[in-house]
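Notes for the one structure printed next.
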Amino acid sequence: MLVKDLAEMLEVSTNEIIMKLIAQGVFANVNQVIDYKVSSAVATEMGFEPTEAAPAPTASAAKTEMVSQPVKGAVQTPRSIRPPVVTVMGHVDHGKTSLLDAIRKTKVAAGEAGGITQHIGAYQVETTDGRPVTFLDTPGHEAFTAMRARGARVTDVAVIVVAADDGVMPQTIEAIDHARAAQVPILVALNKIDKENANPDFVKNQLAEHNVIIEEYGGDVVMAPVSAKKGIGIEELLEMVLLVADVQDLSANAEGHAVGTVLEARVDKNAGILANLLVQDGTLKIGDIIVIGTRSGKVRAMFDDTGARIKSAGPSTPVSVLAMSEVPDAGDQFNMVADERAARTLIEQHRQEAASANAVVTLDTLYTQMQQGKVKELNLLLKSDVQGSMDALHQVLSKVGTEQLKVRLIHEAVGNISEADVHLASASGAIIIGFNVKPDGAALRLAQNEHVDIRFYDVIYKLVDDIEAALNGLLEPVYKEVVEGHGEILQTFKSGKTVIGGTRVTDGKLSRSAMVRVMRAGKEVYSGTISSLKRGKDDAREVATGFECGLTLEDFNELQVGDIIETSVKVRV
Ligand code: GDP
């Protein structure tokens, strides 16, 4: 069957299928046919149980049938349960670090050999009934969203720590919004219940005001009262994490090729580059080849969170590996591949993806993106100077939006625009609106790198006008053509049917990507693009004034000596 038909049948993206194929050493594009052996191997790896359909009567009939009708018999089998991965978030000083320590300690108390833990970005503990839970030990929503901005989805449950003596604070709300934007379920750990001035009811009400309704109040958010300091309620918290996780049916295929995320990486003076990875699917083994971005490496040694050497690591297991020759970035994905050739192909694919990964939302291009079906929702992140204008903005912005394009406020808070805001906007494809506020320098730089659109306003109606104009396509960018340079054809050569123009650049420059007009005796005889541009034997990106080059034009083989070439580019006004 065709690769794209297999993708459609399994309801996954063609990219996912191609990646799986590469991992198996098969190189096929979406329109290529793969045989039953290969397609069933991919399907099995993705958790399906394929059976071969009876061959259709004739070859041509078989072809159409295969393409238009899904083969019957591919049934998804339940994959095995994997442990949940938890991130702890909340306001500063509410006890995130203490809670992570307390949870880790319960494990050591339960008799872990040696108890010498090493920091590998995450650790795993077991509940009383022996079920493992993985905790990421970089607490906070900043790290969580920075990872997500890099495309990594590692968290299954967000534990929001709220100090019972302090209540809901600005970063509590941020944490809630960040978890929600990522569609990760929330569990509230009501910490510091040992304190005399702890006031649980007050906190529960505050949470309700922010739309976090706990079960006791008729909502669906689980709350666990704990004291990280005194070690109270830790086991119960773990049980509740499992409860929240079980609703999500977290599963993985332990037999498959390992896939996961880089949690952090560092250079160890003695060992070399240690990459701390979270295996998310499949099993990673010593000797496996992994690809991270545009680098590959062979797993030479692997350690678990207690520092013990291990030979393999299954789904949701954090491991520290010696494999890479360059330090990868936190949030990068790793993929295990079958061999060096598969590694090279995947690296090439990553290169191409990196080059074309610019699908960002801006107010200017919103309408076009909406028409192309690329966006269906306009996500806004709102920062303003005072609560009063915040409320007013909330009011008016809740009313804008159309059937085709809904406006959603993913986070609103008083204060300047921070790096965490930019990460959240980047991870959620949101535009940041700053009302009477400024970004800090770091946030601006990050926004530039991540291509996040930040808009500043000081009048509400202007903001609403702009949003409405964007929704109706009135803010589409305007381009104008700017002439880049001229050249003169000095000689022509024939290569088969193609006519090559030996050209001297008379002013400006000729760039390979420019639009071209050919003028002959003052009249335009061609307009189009360059199909090749060479200096001597080498391809050139651009050729400057005074230099000569060989030029061929797309679908035009009538260049003559004396023709004038005019190149231009589109520039946004
Ligand atoms: P983080 O900033 O959220 O990581 O907070 P920390 O874990 O650093 O804790 C901040 C402070 O609160 C520290 O002084 C802790 O000792 C204290 N603390 C944390 N948990 C508890 C608790 O359950 N009870 C009490 N009384 N103090 C706590």
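The values are calculated or read from the model by the stated rules, or taken from the named source; none is laboratory data. Just so it is clear, the structure is predicted and the values come from calculations on it, not from any experiment. With ideal geometry, Cβ positions are generated from the backbone for all residues, glycine too; neighbour counts draw on all protein chains shown.
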Which condition number in (1) in a loop (DSSP other than H, G, I, E, B); (2) within 25 Å of residue 149 (Cα to Cα); (3) free of Cβ contacts under 8 Å to residues at least 12 places away in the same chain is the one that residue 403 fails? (2)
Only one of these is assigned by TED's automatic domain parsing to the domain that holds residue 144, in contact with a Pro (Cβ under 8 Å, 6 or more places away or on another chain) and closer than 28 Å to residue 428 by Cβ: 168, 244, 222. Name it. 244
When the residues of segment 234-269 are narrowed to those that are within 16 Å of the ligand (Cβ to nearest atom) and either touching a Leu at 6+ places or on another chain (Cβ under 9 Å) or aromatic (Phe, Trp, Tyr) (or both), which ends up nearest to residue 153 (Cα to Cα)? 237
Taking residue 501 as the residue in question, decide whether it is of a type outside the set (D, E, K, R) and touching a Leu at 6+ places or on another chain (Cβ under 9 Å). yes
Taking segment 394-426 and the residues there that are of a type in the set (Val, Ile, Thr) and crowded, with 21+ Cβ neighbours inside 10 Å, the one that is nearest to residue 367 (Cα to Cα) would be 422
Restricting to segment 151-208, and then to whatever is of a type in the set (Asp, Glu) and free of Cβ contacts under 8 Å to residues at least 40 places away in the same chain, can you tell me which residue is nearest to the ligand (Cβ to nearest atom)? 194
Apart from one, (1) assigned to a loop (DSSP other than H, G, I, E, B); (2) charged (D, E, K, R); (3) touching a strand residue (DSSP E or B) at 6+ places or on another chain (Cβ under 6 Å) all hold for residue 558; the odd one out is (3)
Answer with yes or no whether residue 154 is outside the structural domain of residue 293 (by TED's automatic domain parsing), under 27 Å from residue 81 (Cα atoms) and part of a strand (DSSP E or B). no
Tally time: how many residues in segment 314-327 are surrounded by 22 or more Cβ atoms within 10 Å (Cβ to Cβ) and out of contact with any Pro (no Cβ under 6 Å at 6 or more places or on another chain)? 8
For segment 236-296, which strands (runs of 3 or more DSSP E) that fit wholly inside it have 1 or more residues that are more than 25 Å from the chain's Cα centre (by Cα) and modelled with pLDDT under 95? 259-268, 272-281
Listed by range, strands (runs of 3 or more DSSP E) wholly within segment 468-549 having at least 2 residues that are exposed (fewer than 13 other Cβ atoms within 10 Å of the Cβ) are 479-495, 523-535
Residue pairs within 9 Å by beta carbon, gap of at least six or interchain, first lying in segment 336-352 and within 13 Å of residue 19 (Cβ to Cβ) and in a helix (DSSP H, G or I), second hydroxyl-bearing (Ser, Thr, Tyr) and at pLDDT 90 or above, listed first then second, are 343/296; 346/296; 347/296
In this structure, does residue 145 turn out to be away from the ligand (no atom under 16 Å from the Cβ) and either surrounded by fewer than 18 Cβ atoms within 10 Å (Cβ to Cβ) or outside any loop (DSSP other than H, G, I, E, B) (or both)? yes
